[in-house]
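Each remark here refers to the structure printed beneath this line.
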Amino acid sequence: MRGIVYLVGAGPGDPGLMTRRSLELIARADAILYDRLIPPDALDGARPEAELRYVGKEPGAAAVTQEETNQLLVELARAGKRVVRLKGGDPFVFGRGGEEAEALAAAGVLFEVVPGVTAGVAAPAYAGIPVTHRDAASAVAFVTGHEDPDKPEAALDWDALARFPGTLVLYMGIRNLALIAERLTAAGRDPDEPVAVVERGTHPGQRTIVGTLGGIAARVEADGLRPPAITLVGPVAGLRDTIAWLERRPLHGEVVAVTRARVQASALAARLRELGADVVETPAIRTEPRPLDGELLAAVQRISDYALVCLTSPNGVRLLFDALAETGHDARALAGATVAAIGPGTAAGLERRGVRADVLPEQFVAEALVEALEPVEVEGRRVLVARAAGARSVLPDALRGRGAEVDDVAFYETVAEPLGDAERAALARATYVTFTSSSTVRFLLESGARPPEGARVVSIGPVTSATAHEHGLTVHAEAERHDVDGLVEALTADAAQRRVPA
C-alpha cells in the first residue's frame, strides 16, 4: 500500500476549533507526529495501535530537529503508513509546513494539506479584537517576531511595517517585544497606537493586556505574560473594551474539578466549558457491570412479569438494555409495565432506547420517586428496581411496605478510581470541586485526595451533601434540581454571588 502524509492544522488550542477533517484523519492514522502546542486531548481519538511520536520544539531547543522530522515523515510514508503531521494552528502559517511539504515532494511522497485555524486570528477573536474592521483596519499583516537566527540579515522591512495601513499581528514576538516596539516607533509608527498582547489564546487561562506601542513591553514584563502569545498593533486593539466576550462568560477564570465517573463526566465537563470554566476531570469512581448470572439473569429473563420497573440512574438503563439484548429481548419486553425514572438523565436514557418514562418525580431523589409512585398499584405485584450495589434502600423498602414483591437487583457496582499524579496536580488547582453522588465524595477522600484549601464544594443534592458533611467537608452550594443541570446552575449562581462587589 502506498503511504501518504497529511499536514494537519490542529488549531490554536481550544479543542472545539479543530476541524472535522482533522479529527477524521487522527482517527484513521497509522502514525501521528505531533507538536507541543496542539490542543489538549487532540490525540484522544487516535487508534490504540497508532504510533504516536512527539517532535515538538521547546523555546530555544528542539526535541527532534526539523531535518529529522522531514526524514521521519518520508520513512513512515514509504513504509506504507497513513501519517498525520499534527501542528498547532495552521501548518502553513509560521508552522514550517511549507518546508515539510517541500521535503515530501522532493522524496516523491504523496501528501495533502489540511488547514487549521491560526492563532493570529483566533486569539484576538477570543479577546474581543477583530483583526480587520470596516472603520479601523482594512488590511492585516501576519509577521513573525522571531526570525530564523541563521539568516544572514533580517528579512523584515521595519520601515514598510511602520507604514503599513492596517493591523500588524506578530507571532512568537513576546520575548523581543521591547525591540519590536523600538524598531516600529523608530521607523515612524505612533508610540501611542493601541497594542494588545494575548497569552495562551483560546485556552481557558487566556490573558489579554492592552496598552500603547511605547509602553506595552513594560506592561507585559510587569504582568508576567509568557509565550505562547500573539501581539496586535493597530486601532482594532482599542475595540477590546467594547466587544470582549470571553471574560464575560459566567465561569471564566474558574477551575472546576469533576469527580464523577470518566464515562459520565464528558456531558458535565462540556456544559462547564461552555460557561468559561477550565475543567479538570478527576474521576473518583468508575462503574463495573455485574456478570449476567444469578438474580440479575433471572430478573432479565422474567422481565415481562414485572408490573413496575424502576430505574435509578442512566447506568442502570444502559445495563438493563444491554442485558435484555444479550437474552434476546428489546424494549418491547417493557410494554406491559409501568416504567419509572428517578430523574431527567435516567428518563433521557430510556427515551434513547425508545421508552418514555411513565413516572418522573419533580425532585430527583428516592424519597420523591416513592411519593410519585403512590398512585401506581403495586400490592401483590412484582416490581423490579434496577440500580447500583450498595445503594440506599429507601425505594425498595417503601414498595415492600405497600405489599409489592420487589426484586432489588444490582446491575453494577460503583468502585474507587485511584487518582494519578497528574489528576492530583489538576485537583490542586481547582477553585470548585463538584460531587454528583455520595460515592464520589467517599471514594475521593478514601484515595487520600481532598478539595484544595480555598476551593468551594458544590453538591448535586441533599444526600450527597450529607455525605460530604459526614466526612468533614463544607458544602458551599447545593443544587435545587438534583441533576447535572441543577448542579451547573448552583455553581454558576455561587460564582456570580462571589463576584458581586461588597
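The values are calculated or read from the model by the stated rules, or taken from the named source; none is laboratory data. Note that this is a predicted model, so its numbers are computed, not measured. Because the Cβ atoms are built from the backbone with ideal geometry, glycine has one as well, and the counts that use them run over all protein chains shown. Just so you know, the surface numbers come from the protein's heavy atoms only, side chains and all, with ligands and any DNA or RNA stripped out. Shrake-Rupley method; radii C 1.70, N 1.55, O 1.52, S 1.80 Å.
With Gly354, Gly345, Gly316 as the choices, which residue is in contact with a helix residue (DSSP H, G or I) (Cβ under 6 Å, 6 or more places away or on another chain), surrounded by 15 or more Cβ atoms within 10 Å (Cβ to Cβ), within 30 Å of Arg481 (Cα to Cα) and small (Gly, Ala, Ser)?
Details: Gly354 fails: surrounded by 15 or more Cβ atoms within 10 Å (Cβ to Cβ); Gly316 fails: in contact with a helix residue (DSSP H, G or I) (Cβ under 6 Å, 6 or more places away or on another chain).
Within the list Gly354, Gly345, Gly316, the selection yields Gly345.
Checking Arg82 against (1) open to solvent by 10 Å² or more (accessible area, probe 1.4 Å); (2) of a type in the set (Lys, Arg); (3) closer than 22 Å to Leu170 by Cα, only one condition comes out false. Which one?
Only one criterion in (1) open to solvent by 10 Å² or more (accessible area, probe 1.4 Å); (2) of a type in the set (Lys, Arg); (3) closer than 22 Å to Leu170 by Cα is unmet by Arg82, namely (3).
Return the residue satisfying two criteria in turn: it lies in the stretch 137-157 and is farther than 30 Å from Thr65 by Cβ and surrounded by 18 or more Cβ atoms within 10 Å (Cβ to Cβ), and of such residues it is modelled with the lowest pLDDT.
Ala137
Out of the stretch 1-45, which residues are part of a loop (DSSP other than H, G, I, E, B), open to solvent by 10 Å² or more (accessible area, probe 1.4 Å) and over 24 Å from Arg200 (Cβ atoms)? Steps first, please.
Our first condition is that a residue be part of a loop (DSSP other than H, G, I, E, B); within the stretch 1-45, this holds for 1-3, 10, 12-14, 18-19, 29-30, 35-45.
Filter once more, keeping what is open to solvent by 10 Å² or more (accessible area, probe 1.4 Å): 1-2, 12, 14, 18-19, 30, 35-38, 40-41, 43-45.
Correct list: Met1, Arg2, Asp30.
Please specify each residue of the stretch 405-419 satisfying the condition of being touching a strand residue (DSSP E or B) at 6+ places or on another chain (Cβ under 6 Å) and free of Cβ contacts under 8 Å to residues at least 60 places away in the same chain.
Glu405, Val406, Asp408
Quick one: would you say Arg53 is farther than 30 Å from Gly276 by Cβ and open to solvent by 60 Å² or more (accessible area, probe 1.4 Å)?
Values: farther than 30 Å from Gly276 by Cβ: yes; open to solvent by 60 Å² or more (accessible area, probe 1.4 Å): yes.
Considered against the rule, which asks whether it is farther than 30 Å from Gly276 by Cβ and open to solvent by 60 Å² or more (accessible area, probe 1.4 Å), Arg53 comes out as yes.
Those residues that are surrounded by 15 or more Cβ atoms within 10 Å (Cβ to Cβ) and in a loop (DSSP other than H, G, I, E, B), I need them from the stretch 359-390; list them, please.
Across the stretch 359-390, the qualifying residues are Leu360, Pro361, Gln363, Phe364, Val365, Leu373, Val376, Val378, Arg381.
Kindly provide the set of residues from the stretch 219-273 that are assigned to a helix (DSSP H, G or I), free of Cβ contacts under 8 Å to residues at least 12 places away in the same chain and open to solvent by less than 50 Å² (accessible area, probe 1.4 Å), ordered by number.
Ala270
Among the residues in the stretch 127-138, are any out of contact with any helix residue (DSSP H, G or I) (no Cβ under 8 Å at 6 or more places or on another chain) and under 18 Å from Gly9 (Cα atoms)?
Going residue by residue through the stretch 127-138, those that are out of contact with any helix residue (DSSP H, G or I) (no Cβ under 8 Å at 6 or more places or on another chain) are 134-135, 138.
Now restrict to residues that are under 18 Å from Gly9 (Cα atoms): none.
There is no residue in the stretch 127-138 that is out of contact with any helix residue (DSSP H, G or I) (no Cβ under 8 Å at 6 or more places or on another chain) and under 18 Å from Gly9 (Cα atoms).
So that you can scan it fast, the table gives a plain yes or no per residue for (1) touching a Cys at 6+ places or on another chain (Cβ under 6 Å); (2) surrounded by fewer than 16 Cβ atoms within 10 Å (Cβ to Cβ); (3) touching a residue at least 24 places away in the same chain (Cβ under 8 Å); (4) under 30 Å from Gly253 (Cβ atoms):
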position: Thr282; (1), (2), (3), (4): no, no, yes, yes
position: Ile285; (1), (2), (3), (4): no, no, yes, yes
position: Leu296; (1), (2), (3), (4): no, no, yes, no
position: Asp305; (1), (2), (3), (4): no, yes, yes, no
